[in-house]
Every structure is written in C-alpha cells, then in structure tokens.
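The values are calculated or read from the model by the stated rules, or taken from the named source; none is laboratory data. The structure displayed is predicted, hence computed values, not measured ones. With ideal geometry, Cβ positions are generated from the backbone for all residues, glycine too; neighbour counts draw on all protein chains shown.
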C-alpha cells in the first residue's frame, strides 16, 4: 500500500470522491421568478449595491395592472412600473399612483392616492412640502390638501435617504388630470412636466375599470286600440224636471 503515500494518488482519490458525492446529491429546486413585481422592490434591491446607477431606457411604455384580494373583496389598480419624474446625481423622484375599488362590482372609486417616493443623498421632503399639480393651466391641488410623509435618513448609513409623501385626490380630479394635454407637477424644488407616455399610463389605470352600466330602459307604454262603439254622452237636464 505504499502507493497511497503518493500525492498524485491522494489528489485523484479526493477528486473522484467529490464527483460521486455530486452525483448522489439532489439538485436544488428551481425558483420561479415573480410576475409583475413592483418596481419599488427591484429598485430597493439594486440600490443596496449601486445606489445611483443610470437607468436603462424603458423597453416599452408602462401600463396599469390589477391585483384582486378575494378575502377583502378588493381590487387594487396601480402601474407595473413607477413613473420616473426626476433623475439627477444624488436625487431621484418617482410617482406611484394607486386606487382601490370592490372586486365583485368594480366602479369608479371615491379617490386616488398619489405617492411620491424620493431617493436622495439628503432629506428633501416633509409633510409641509408644497405640492402643485396643474392640468392645462388649471391648479388641481389647493392649499388645504394634506400630505402624508414617511421615511427619512438612517443614522450612520451610507444608503440613500428614502422618503415618501402621499396625497389623496378625488377621482373626479384625477380624471381632469389624465384628460389634460399638459400636466405639470411641482413638489418642493422639483418641477416636471409629464410626458405623453406618462399621461397615457395614468389613463390606462382608468381603463382598467369596466364601463358604467346603462340605466334600464323605461317601461313600455301600451296603447290600446280605440273601441268600435263609443258611448253617447249623457245629457244632464238643468233645472231638473219638477214633474218627477
């Protein structure tokens, strides 16, 4: 057995042993990728390695999609990809709109939630950040509109500051915005005009709702045929005959 002391023989035995072990070990089950994953999740994962990598040009215009939650009879309508409003070194701003209606009987909701998400080097938003949205020159957001704020800087972290503000608008106002040819959004110092593709994506959210049902027709009025024999009019004598 002196041949076992040879380094080459030992190396060959180790390699062959690892090969047989790999044959006996079952392969890992393949994982199926999620369909229609939200863009916010993908951006969060990518920003951990390269926070401000340049965006690739979109392959196709974003569209609206829906998600049904049967246990709550809820239909959520949102965009497959959030709309990129601002992209510059150290700061990016996205628009993520959504609304909810009943899944059993979908109809126009009462309101639409517009969420603005910021990825920046420093804190830029708050619940008092001024917001204005004009549609064909008409201001659709008044001073009494309330903003919801969330997020902020993480102490001692090199990751970008992730912040978000949300505003709830009546659905009628949303229809006026998406029906306009020119829509200008200003949030704090950021002022941007939506492109035609972005406006079309917002319109696609409205198209996800079924058309309103037509009201039932009024009941038909039956018109009978005139009678062949008509009754003679009754003659009333006045003053009455005193002989009776």
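Considering only residues that are buried (at least 17 other Cβ atoms within 10 Å of the Cβ) and farther than 27 Å from residue 122 by Cα, which ones fall in the range 181-194? Spell out the reasoning first.
Going through the range 181-194, the residues buried (at least 17 other Cβ atoms within 10 Å of the Cβ) turn out to be 183, 185, 187, 190, 192, 194.
Of everything in the range 181-194, just one residue is buried (at least 17 other Cβ atoms within 10 Å of the Cβ) and farther than 27 Å from residue 122 by Cα, namely 183.
Determine which member of the set 94, 149 is part of a strand (DSSP E or B), surrounded by 14 or more Cβ atoms within 10 Å (Cβ to Cβ) and modelled with pLDDT under 90. Even if it seems obvious, please write down each step before you answer.
Details: 94 fails: modelled with pLDDT under 90.
Result of the check over 94, 149: 149.
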Just one of (1) within 19 Å of residue 209 (Cα to Cα); (2) assigned to a strand (DSSP E or B); (3) in contact (Cβ under 8 Å) with a residue 12 or more places away in the chain; (4) touching a strand residue (DSSP E or B) at 6+ places or on another chain (Cβ under 6 Å) trips up residue 67, so point out which.
(3)
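Could you count how many residues in the range 112-127 are surrounded by fewer than 15 Cβ atoms within 10 Å (Cβ to Cβ) and under 13 Å from residue 167 (Cβ atoms)? Don't jump to the end; show me each part of the working.
Let us first name the residues in the range 112-127 that are surrounded by fewer than 15 Cβ atoms within 10 Å (Cβ to Cβ), namely 121-123, 126-127.
When the remaining residues are screened for being under 13 Å from residue 167 (Cβ atoms), the result is 127.
Selection size over the range 112-127: 1.
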Scan of the range 97-110 for residues that are surrounded by 15 or more Cβ atoms within 10 Å (Cβ to Cβ) and not in a loop (DSSP other than H, G, I, E, B), ordered by number
97, 98, 99, 100, 101
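For the range 111-133, name all the residues that are assigned to a strand (DSSP E or B) and farther than 22 Å from residue 171 by Cα. Even if it seems obvious, please write down each step before you answer.
To start, the set of residues in the range 111-133 that are assigned to a strand (DSSP E or B) comprises 111-120, 131-133.
Those that are assigned to a strand (DSSP E or B) and farther than 22 Å from residue 171 by Cα: 118, 119, 120.
May I ask you to list the residues in the range 95-116 that are without any contact (Cβ under 8 Å) to a residue 40 or more places away in the chain and in contact with a strand residue (DSSP E or B) (Cβ under 6 Å, 6 or more places away or on another chain)? Steps first, answer last, please.
Filtering the range 95-116 for residues without any contact (Cβ under 8 Å) to a residue 40 or more places away in the chain gives 98, 100, 102-105.
Selection gives 98, 100, 103.
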